[in-house]
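Comments concern the structure below.
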Amino acid sequence: MLPLPASLAGRIQVDGVRNSAGTIETMSGGATEQSVHADWTWVDGPAGGRLERGIAVAIGSDGRIGSVGPAARPSTLRLGGKALLPGFVSAHSHAFQRGLRGRTERFERGVGGFFPWREAMYGLVAELTPERCHELSLRTFTEMRDAGITAVGEFHYVRHAGPGDGGSATDKGLRYAFDESVLAAARDAGIRLTLLHACYMVGGMATDECPPLTGGQLRFRTADEGEYWDRFERLAGLCRGPNQSVGVTAHSLRAVPIDIIARLHAESVRRGVVFHIHLEEVRQEIIDALRVYRRRPAQLLLERLRIDRRFTAVHCTHTEPEDLRALAAAGATICLCPLTEGNLGDGICDVPAFREAGGRLAFGSDLNSRLAPLEELRWLEYVQRIRHERRGCVLDADGDAGKELLRIGTAGGAESIGLDSGAIAPGRWADFAVVDLQHPTMEGWTPETFAAHLVFGAGDNVLCGSCVGGHWRLRR
Ligand SMILES: [Zn+2]
């Protein structure tokens, strides 16, 4: 176990060691069976999730939930004054971008945008070493755990510690050097991880030959499809224990030609694994696709891919309503990253058009400039209210915004990255977030208003613990 980031030192200890102040305690599970009894537990029912009292959750030695039922016998962990929720899932993260936090907020020419920000990101990429990549990833994943995020879809495209062009002897040992850094950081932080293995081949869209990768982009490079799938197999072997798995990803239409995206997706369907892609985050991508393919990017994917429920499009900021409806009908998830889209000034996805067609949502912390799942969910709804000048854009069948946002932040994310988590039910992973019901901002909650009170009224400091597969981090 590596040292925790300075901001956490003295606050939290890991795996059963009490800190010097005695204010924080965590328990280690996983090797033995546990029974957890919180004052309130969020359980699934026919009408969606609800809080119930007097519930014990049994966790097996395999890290999965064995049973959920009345608390009859003494528990191994009693969470008084707390509510137990399914853990939050960030379905889209680039952990290393934590290194840009606070560093891209000066605008010397008076204005910024996505592409100047991308130059700053490439600058960070050029400085990465395996050690630095591990350090930044560990910081991100540890912050996630402390924010109640128990699983992450790490959209992993920075792969090589050197130029990564595969053509020089200096590449030896540098190619894919960052893969193990990220996997090790996730293990060290104790977070569940789907490593979204990204294909990145070219430097832009073109009608004939696509521009080659240059500069820092060479660190992203996948030479060809054979190399992509060889690496996929190798990553599957590197994933240790039940907490790590691999998904298929084409970075974007800017980085992979459509014929290759179509073949990668078909193979992901054949293998039964999730497929993610950045889609229509910036208007330039649509302009380029119309010039090169005579189709909008979403139109092109809908034509060329047999999209199903394992498909997640990230952002869809500028996607046309008819394409949003078609994505919804195909079963796709859209992963929105409200704090990132706000930070980068991307724009706002037309969520009502997607939802009215039954579309499914997840959230992602993306550039990890802030790790605050409640804030992500609140702003997911608020930007829609601002854009559409109405209240209540993301609702469940009963018209409840709080419950639906909570479901999107847990089960929605778990489904997007292919995990058996996101609900407190037998057979699911024992991944939980713990809410401090005695926090002043929770004053006045009721079982009926809990979800909305939490999402719209509480800061993320009410999340006082998390559990992944039976391993707890609790702030007392
Ligand atoms: Zn992204």
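How many angstrom lie between the Cα centre of region 265-330 and the Cα centre of region 186-217? One Cα centre to the other: 17 Å. The convex hull around the C-alpha trace of the chain, projected and averaged over every direction, spans 22.5 square nanometres.
One chain, two ends: GLU52 and PHE456. Fully extended at 0.36 nm per residue, the span grows by 143.4 nm beyond their Cα-Cα distance. For region 66-114, the Cα-based Rg and Dmax, in that order, read 22.1, 65 Å. Highest mean first, the peptides 229-240, 326-337 sorted by other C-beta atoms within 10 Å per residue fall in the order 326-337, 229-240. Accessible area per residue (1.4 Å probe, heavy atoms of protein chains only) ranks ARG109, ARG219, ARG103 as ARG109, ARG103, ARG219, with the largest value leading. Each label point was placed 7 Å from the Cα along the Cα-to-Cβ direction; for PHE115 and GLU227 their separation is 2.7 nm. Applying 0.36 nm per residue to the separation of ARG73 and GLU127 and subtracting their alpha-carbon distance, the gain on full extension is 13.9 nm. By the compact-protein rule of thumb, 2.2 N^0.38 Å, the alpha-carbon radius of gyration of region 181-276 corresponds to a ratio of 1.15. Listed peptides 351-364, 61-74 appear in the order 351-364, 61-74 once ranked by packing, highest mean of other Cβ atoms within 10 Å at the front.
Annotation for region 78-123: chymotrypsin sites (Phe, Trp or Tyr not before Pro) lying in DSSP loop with at most 15 further Cβ atoms inside 10 Å of their Cβ are PHE107.
Scaled against the 2.2 N^0.38 Å expected of a compact globular protein of N residues, the Cα radius of gyration of region 397-451 reads 1.30. Loop-resident GluC sites (Glu not before Pro) (DSSP state other than H, G, I, E or B) in region 362-406 with no more than 12 further Cβ atoms inside 10 Å of their Cβ: GLU389.
Nonpolar atom fraction for the chain, defined as the carbon and sulfur part of the 1.4 Å probe accessible area, stands at 50 percent. For the chain, the solvent-accessible area works out to 39 Å² per residue, with a probe of 1.4 Å and every protein chain left in place. For the peptides 42-48, 414-420, 257-263, the ranking by packing is 414-420, 257-263, 42-48, with the highest mean count of neighbouring Cβ atoms within 10 Å listed first. With a cut-off of 19 Å on the backbone N, the residues of region 434-476 near the modelled label site 7 Å out from ASP420 along Cα-Cβ are 467-471.
Among the GluC sites (Glu not before Pro) in region 39-141, those located in a DSSP loop and surrounded by at most 14 other Cβ atoms within 10 Å of their own Cβ are GLU105, GLU108.
Here the contact order of region 225-380, divided by its residue count and restricted to Cα pairs under 8 Å and six or more residues apart, works out to 17 percent.
The values are calculated or read from the model by the stated rules, or taken from the named source; none is laboratory data. This is a predicted model, so every value here is computed, not measured. Glycine also receives a Cβ, built like all others from the backbone with ideal geometry; neighbour counts cover every protein chain displayed. Calculation scope for accessible area: heavy atoms of the full protein, side chains included, ligands and nucleic acids excluded. Shrake-Rupley method; radii C 1.70, N 1.55, O 1.52, S 1.80 Å.
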